[in-house]
1. Can you work out the FRET efficiency for the pair LEU2 and SER34, with r the C-beta to C-beta distance and R0 = 41 Å, to the nearest 0.05?
2. Suppose every K and R has +1 on its Cβ and every D and E has -1 on its Cβ; what is the size of the dipole of the range 1-88 about the Cα centre, in Debye to the nearest 20?
3. Compute the acute angle (0 to 90°) between the alpha-carbon long axis of helix 143-156 and the principal axis of greatest extent of the alpha-carbon atoms of the chain; round to the nearest 10°.
4. Under a 10 Å cutoff between Cα atoms, tell me which one of ILE150, ILE131, ILE40 has the largest fluctuation in the Gaussian network model of the chain.
5. Which value, in debye to the nearest 20, gives the size of the charge dipole of the chain about its Cα centre, when Lys and Arg are +1 and Asp and Glu are -1 at the Cβ?
6. Which pairs break 20 Å Cα to Cα here: LYS102/LYS148; LYS6/LYS115; LYS18/LYS47?
7. If you build the Cα gyration tensor of the range 2-79 and take the root of 5 times each eigenvalue, what three semi-axes come out, in whole angstrom, biggest first?
8. Starting with the fewest neighbours, write out THR94, THR11 ranked by other beta-carbon atoms found within 10 Å of each beta-carbon.
Amino acid sequence: MLDSLKNDIGTISDVCEKSVGFKLLLESPIVKTSKKIKLIIAVFEGKLNELTLKFLNLIIENKREVYIPAICRNFLALARKDQNIKSARLTTATKIDNETFKKIELLLERELKTKVELSEHVNPEIIGGLILRIEDKQYDASIASQLKKIKQKLLETEIK
């Protein structure tokens, strides 16, 4: 059932991340517990496994719904660890095409000798290049980072 539960938790995590209204619902002390349960069932019924829905109900009944996003993150991290899957995040200044994305993913899988879940993020502030974060390690090859290093070196250089 791990794959099914992982998909369910991923769906919940996406909703928490992308829907400000859903997050506000979870955090609201004004909305009664019974109303939150009804709304959760209305949102996720038919999309999630019954076990996952019962788990959500249990969390809400015990008034721990504010922890749902963190629970999702931790569950997904534990599932990846169990299945020997590394998590990686690629940040670029502009969106890259699917073919290049797949090539990078395959290259990482070959280098790390394990399955890699690669996510892509666009941040125009890095100007160019890329930032690759694999679990808790980060490789920063962005133009913005290089410019900061040059600036720092120039500030440290003494004029003779």
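1. 0.85
2. Computed about the Cα centre, the dipole is about 200 debye.
3. The answer is roughly 50 degrees.
4. Among ILE150, ILE131, ILE40, the largest mean-square fluctuation in the Gaussian network model of the chain belongs to ILE150.
5. 300 debye
6. Among LYS102/LYS148; LYS6/LYS115; LYS18/LYS47, the Cα-Cα distance tops 20 Å for LYS102/LYS148.
7. Taking √(5λ) for each eigenvalue gives 19, 13, 12 Å, largest first.
8. In order of increasing Cβ crowding within 10 Å: THR94, THR11.
Every read-out reported here was derived from the displayed coordinates using simple, explicitly stated rules and does not represent laboratory data. As the structure is a computational prediction, the values presented were derived from the model and not from experiment. Glycine also receives a Cβ, built like all others from the backbone with ideal geometry; neighbour counts cover every protein chain displayed.
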